[in-house]
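Worksheet for the structure shown next.
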């Protein structure tokens, strides 16, 4: 009996390990404002190609020449790869265009719904099934 309880406890602990990372994923509405569309054009400074969301960072100059670094949240690497965006497509220093929605808290964070690369390709960058604008569920 003790052996059986030990196995059950070990399985429960193992399952908790796999379930915990899923909680880091959030819906669009939890963090972003669908009424605050924004277009960013800037130079790529950093790429964090990881789950559950990829992040990439842009230096964007305003009309007065002031540079602000923006964090852009996209779907996971697998989802982006299926849409045709590979990690190697994002090269530091490249100028890209990001159309998305600002964070509710006013920070320099944007949900990247469409990413236009220097070669002209445009990729849907949102997280599948997050309920945000343009969500295809894929």
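Model label sites at residue 119 and residue 37, defined 7 Å from Cα along the beta-carbon direction, differ in position by 2.8 nm.
Length gained on full extension, residue 87 to residue 108: 5.3 nm, using 0.36 nm per residue less the C-alpha separation.
Kindly put 82, 114, 102 in sequence by how many other C-beta atoms sit within 10 Å of each C-beta, fewest to most. Numbers along the way, then the final one.
Values: 82 12, 114 15, 102 20.
Ordered from fewest to most neighbouring Cβ atoms within 10 Å, 82, 114, 102 come out as 82, 114, 102.
For region 26-124, what Kirkwood radius comes out of the mean inverse Cα-Cα distance, in Å? Result for region 26-124 stands at 13.5 Å.
Every number here is computed from the coordinates shown, using simple stated rules; none is lab data. None of the values given here were measured: they were computed from a predicted structure. Backbone-built Cβ (ideal geometry, glycine too); neighbour counts: all protein chains shown.
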